[in-house]
1. Give me the percent of Cα-Cα pairs in the chain that sit more than 24 Å apart, rounded to a whole number.
2. Normalising by the residue count of region 1-140, find the relative contact order in percent from Cα pairs under 8 Å and 6+ residues apart.
3. Only Cα pairs under 8 Å and at least 6 apart count here; give the relative contact order of the chain as a rounded whole percent.
4. Pick out, from Ile234, Ile275, Ile218, the residue whose Cα sits farthest towards the positive end of the charge dipole of the chain, with +1 on the Cβ of Lys and Arg and -1 on the Cβ of Asp and Glu.
5. Gaussian network model of the chain, Cα springs within a sub-10 Å range: biggest mean-square fluctuation belongs to which of Ser115, Ser160, Ser261?
6. What ranking of Ile218, Ile197, Ile318, Ile309 emerges when the number of other C-beta atoms within 10 Å of each C-beta is taken as an exposure proxy, fewest first?
7. Between the alpha-carbon centers of region 146-217 and region 1-47, tell me the distance in whole angstrom.
8. Between Lys277 and Lys93, how many nm apart are label points set 7 Å from Cα along the C-beta direction?
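What follows is calculated from the coordinates using simple rules that are stated; it is not laboratory data. Bear in mind the structure is a predicted one, so any value in this text is a computation, not a measurement. Here the Cβ is made from the backbone with ideal geometry for all residues, glycine too, and neighbour counts use every protein chain on show.
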Amino acid sequence: MKETVSILGAGGWGTTLAVILSRKSDLQITLWSPFEAEVKKIIKNQENKDFLPSIQIPFDVCVTSDLKKSLSSNILIIAVPVEHLRAVLKTIKKSCGSPRDKIFVSVMKGIEIRSLKRPSEIIRQELGAGEKQIVVLSGPTIAKEIARDIPAVATVASKSFRNAKKIQGLFKGTNLRLYTNSDVAGIETAGALKNVIAIACGISDGMGFGTNTKSALICRGLKEMMRFAKALRINEKAFLGISGIGDLCTTCFSPLSRNRSVGEKIGRGEKINNIVKNMKMVAEGVTTVKSVYNLSVKHKIDMPITKEIYFMLYKNKIPAQAVKDLMNRPLKVE
């Protein structure tokens, strides 16, 4: 019998995971989208032209909008935008109650604006899932590269070593090599915060700055991330690993990074509302920066880069002025 795995969310990352897992002969993969028209389009083209163009989806992947059918799997990989997560979970609960026999794998990177909660916290709150049921997968994972069978690594974190090992084994034999970890909060927080710094690096690119500037943003940005973790009593170790500095570097340098691309357009003078309106995919950093800024104010955390990104995105601050204000901050010891 093949093991069944359902991926909830047919964006670029969800589709990529469906593609690479379907290459394993011992798995039966279901890819769920809530949009019937999107499902029909994917099935017709055998390709997700909107979110993962030029990558063929194998015929044995079941693409569906039938949520109940998807929930028959014991492993549910959730790949929806963080701001839509709660609504999807409420729909799941209506369909099958509070499932106690399933493993929920969160592959999302962000912090919800309203509640300031991480995805795993939202899953626990909405579904009543135990913390050992939840596994977080995060790392430097540009979807288009992984879909093209390019080697990559990431981390799976869970309070259940058994479940972390199970998901690690699920991906064995694919081009995505996973390492286990038990620090769910650290892995999730690092994955969310690096998107904010990626926007900063994109702004630097858009303004025509060079490698020196980007390196400075990455170094000082990592310092902000770790300062944030310390203030919220989150282990800083994760920030120095695959899901921290590894993911930070990828997101800040890759031309395929959505968050870096958003920043680049800001640096060139475009307005955030127009940028978001014309994007098919979600750049999680755009909403995460608001959450992180609000948390930094609440906990009195010094995060100057995050603050300037927030003011550029939400208060119409001019990038040149933000750079000037950062460079003219009081001098200090490293």
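1. Values: 29574 of 55611 pairs.
Within the chain, distances greater than 24 Å cover 53 percent of Cα pairs.
2. Values: 248 pairs, mean separation 31.4, N = 140.
Dividing the mean separation by the residue count of region 1-140 yields 22 percent.
3. Working: 635 pairs, mean separation 49.2, N = 334.
Value for the chain: 15 percent.
4. Result: Ile234.
5. Of the options given, Ser115 has the highest mean-square fluctuation.
6. Working: Ile218 21, Ile197 27, Ile318 11, Ile309 30.
By the 10 Å Cβ count, ascending, the order reads Ile318, Ile218, Ile197, Ile309.
7. 22
8. According to this spin-label approximation, the distance is 3.5 nm.
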